[in-house]
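Participant: Please read through the structure below; I'll follow up with questions.
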Amino acid sequence: MYNVINYMEIWVNEYMDVLLERSGGCKCDNCKRDIFTLSLNNLKPCYVATPIGNIMARLESTKQQFETDIIVEITKAINKINSNPNH
Ligand SMILES: [Zn+2]
């Protein structure tokens, strides 16, 4: 396998914790997994080869570009999963 990762996964994970905290939604593993997959399916992937040095810096500005989309999609996913939880 090539050493590539989808940065969107890392960002969604990051924002999901913050947004779940804020919304008071269920934080069990099932709900988090569902919110995570649902959000990722609605967001554009951001694949990069193993990040080193300046790639990380560039990714920070990419993250800022996507921030609004990430927050919108996670919020939608939290609402959807919480109104019909799978736990
Ligand atoms: Zn739950």
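The values are calculated or read from the model by the stated rules, or taken from the named source; none is laboratory data. Bear in mind that the values here come from a model prediction, so they are computed numbers and not experimental data. Cβ coordinates were reconstructed from backbone atoms using ideal geometry, including for glycine residues, and neighbour counts include every protein chain displayed. Surface areas here come from the heavy atoms of the whole protein model, side chains and all, with no ligands, DNA or RNA. Shrake-Rupley method; radii C 1.70, N 1.55, O 1.52, S 1.80 Å.
Participant: Going by accessible area, probe 1.4 Å, with all protein chains left in place, what is the ranking of ARG22, ARG33, largest first? If you can, show how the numbers build up before the last one.
Facilitator: Values: ARG22 185, ARG33 115 Å².
From most accessible down to least: ARG22, ARG33.
Participant: Which ³J(HN,Hα) values, rounded to whole Hz and listed in residue order, are derived for the range 73-80 from phi using the Karplus coefficients 6.51, -1.76 and 1.60 in 6.51 cos²θ - 1.76 cosθ + 1.60 with θ = phi - 60°, glycine and proline given as x?
Facilitator: Computed from phi, the couplings for the range 73-80 are 5, 5, 4, 4, 5, 4, 4, 5 Hz.
Participant: Which value at 222 nm does the chain reach when only helices count, each DSSP H run of 4 or more adding -39,500 (n - 2.57), with the total divided by all residues and rounded to the nearest 500 deg cm²/dmol?
Facilitator: Values: 3 runs with 61 residues, N = 87.
Result for the chain: -24000 deg cm²/dmol, rounded to the nearest 500.
Participant: If you roll a 1.4 angstrom probe over the protein chains with everything in place, what fraction of the accessible area of the chain belongs to carbon and sulfur, to the nearest %?
Facilitator: On the way: 3020 of 5770 Å².
Carbon-and-sulfur percentage of accessible area, whole number: 52.
Participant: Rounded to the nearest whole Å², what accessible area per residue is found for the chain with the 1.4 Å probe? Display every interim value, and only then the final one.
Facilitator: Details: 5770 Å² over 87 residues.
Per-residue accessible area for the chain comes out at 66 Å².
Participant: Moving on to the next point. Measure of size requested: the Rg and Dmax of the chain, with Cα atoms as the atom set and Å as the unit; please supply both.
Facilitator: According to the Cα coordinates of the chain, Rg and Dmax are 13.7, 42 Å.
Participant: Nearest 20 debye, what's the magnitude of the dipole of the range 4-83 about its Cα centre given +1 on Lys and Arg Cβ and -1 on Asp and Glu Cβ? List each step's numbers first, then the result.
Facilitator: Working: 9 positive and 10 negative charges, 25 e Å.
In debye, rounded to 20, the range 4-83 gives about 120.
Participant: From the Cα gyration tensor of the range 38-87, with a ≥ b ≥ c the square roots of its eigenvalues, which class applies: rounded if a/c is under 1.5, or else prolate if a/b is larger than b/c, or else oblate?
Facilitator: Details: a/c = 3.60, a/b = 2.42, b/c = 1.49.
In terms of gyration-tensor shape, prolate.
Participant: Against the longest principal axis of the chain, how steep is helix 7-23, in degrees 0 to 90 to the nearest 10, with axes from Cα atoms?
Facilitator: The answer is roughly 30 degrees.
Participant: Continuing with the same structure: Leaving ligands, DNA and RNA out of it, rank MET1, MET16, MET56 by accessible area with a 1.4 Å probe, largest first.
Facilitator: Working: MET1 225, MET16 5, MET56 90 Å².
Output order, biggest surface exposure first: MET1, MET56, MET16.
Participant: May I ask you to derive the relative contact order of the chain, considering only C-alpha pairs under 8 Å and at least 6 residues apart, and to give it as an integer percent?
Facilitator: Working: 71 pairs, mean separation 41.9, N = 87.
Once divided by the residue count of the chain, the mean separation gives 48 percent.
Participant: Relative to the first principal axis of the alpha-carbon coordinates of the chain, what is the inclination of helix 29-42, with its axis defined by its Cα atoms, in degrees from 0 to 90 and to the nearest 10?
Facilitator: Taking Cα atoms only, the helix is inclined about 60 degrees.
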